[in-house]
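The structure follows.
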């Protein structure tokens with residue numbers, strides 16, 4: 001046999017090792033992205049809509065638009 | 001073809017006469033094979049698991065003939081070269097062996113413990129074109145590719161500039177500043193997207209954009 005100068009490399013379980021690392025990483029990434037979206041985008045949007053409609057007067061809004069002249073059927 | 005085989009058996013890498021066509025192709029292959037890349041190494045540095053550099057010295061020249069050109073098969077079978085995705089080609093790299101090589105092959109049929117390091121390396125070189133290190137080594141091709149990509153993007157930019165000057169028709173009247181301002185005013189009057197969008201950023205009391 002050759003005078004081995006290198007240590008024997010990993011021969012088995014290569015896929016399992018990779019999967020272990022990457023499955024954990026995939027879960028973390030997926031949950032992280034979902035959480036970031038929920039708390040960065042979805043919740044602020046819900047709050048913005050709630051705040052807007054809390055004090056919304058649709059008739060006043062309509063009157064402003066009518067005075068601005070954008071309607072064809074209500075001048 | 002005969003000339004090449006003859007010079008093979010003599011063991012000399014000289015090609016005294018200029019050949020044509022297929023034979024010239026084979027001649028080129030022979031020349032490339034007989035560069036220091038193709039030979040086995042001295043027992044002193046017979047380490048095949050090295051850095052991917054070509055062996056610096058050789059004790060004897062193998063003249064290997066790659067039969068790729070004579071076959072009508074698809075890669076990877078025909079290239080005689082292993083790839084990372086196909087590391088064990090069907091056929092050995094050297095198929096036409098000299099006497100020494102055939103003797104070595106006979107010796108290989110016995111116990112491998114009797115083979116010296118140089119012989120093992122020689123057998124490897126008979127079987128394979130390159131080591132894994134040589135096969136996998138990086139290249140600078142990416143620089144060429146990126147350079148060409150940027151060059152053509154730049155060229156395209158020049159072409160579009162020329163087109164702007166000489167080809168494009170006049171702009172539509174609705175794209176003038178005055179018209180664009182009128183369109184924006186209408187959008188704000190309609191209160192488009194008043195919660196998170198355009199009208200949400202407009203201050204209707206002060207008639208200006210919110211800070």
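Averaged across A:51-60, how many Cβ atoms of other chains sit within 10 Å of each residue's Cβ atom?
Values: counts 1, 4, 1, 0, 0, 2, 0, 0, 0, 0.
Mean number of neighbouring Cβ atoms from other chains: 1.
Same structure, new question: What is the P(r) of region B:130-178, as percent of Cα-Cα pairs per 10 Å bin from 0?
Distribution as computed: 20, 21, 21, 15, 11, 8, 4, 0 percent.
Could you tell me how many degrees, from 0 to 90 and to the nearest 10, lie between the Cα long axis of helix A:58-68 and the main elongation axis, the longest principal axis, of the Cα atoms of chain A?
70 degrees
Report, in whole Å, the centroid distance computed from the Cα atoms of region B:86-143 and region A:35-75.
76 Å
Under the √(5λ) rule applied to the eigenvalues of the Cα gyration tensor, what semi-axes describe the equivalent ellipsoid of chain A? Give them in Å, descending.
For chain A, the semi-axes come out at 67, 14, 8 Å.
If you don't mind, another one. By what distance, in whole Å, do the Cα atoms of region B:92-200 stretch along each of the three principal axes, largest value first?
Extents along the principal axes: 94, 43, 19 Å.
We did not get these values from a lab; they are worked out from the coordinates using the rules stated. Remember, it's a predicted structure, so these values are computed and weren't measured experimentally. So basically every Cβ, Gly included, is an ideal-geometry build from the backbone, and we count neighbours across all protein chains shown.
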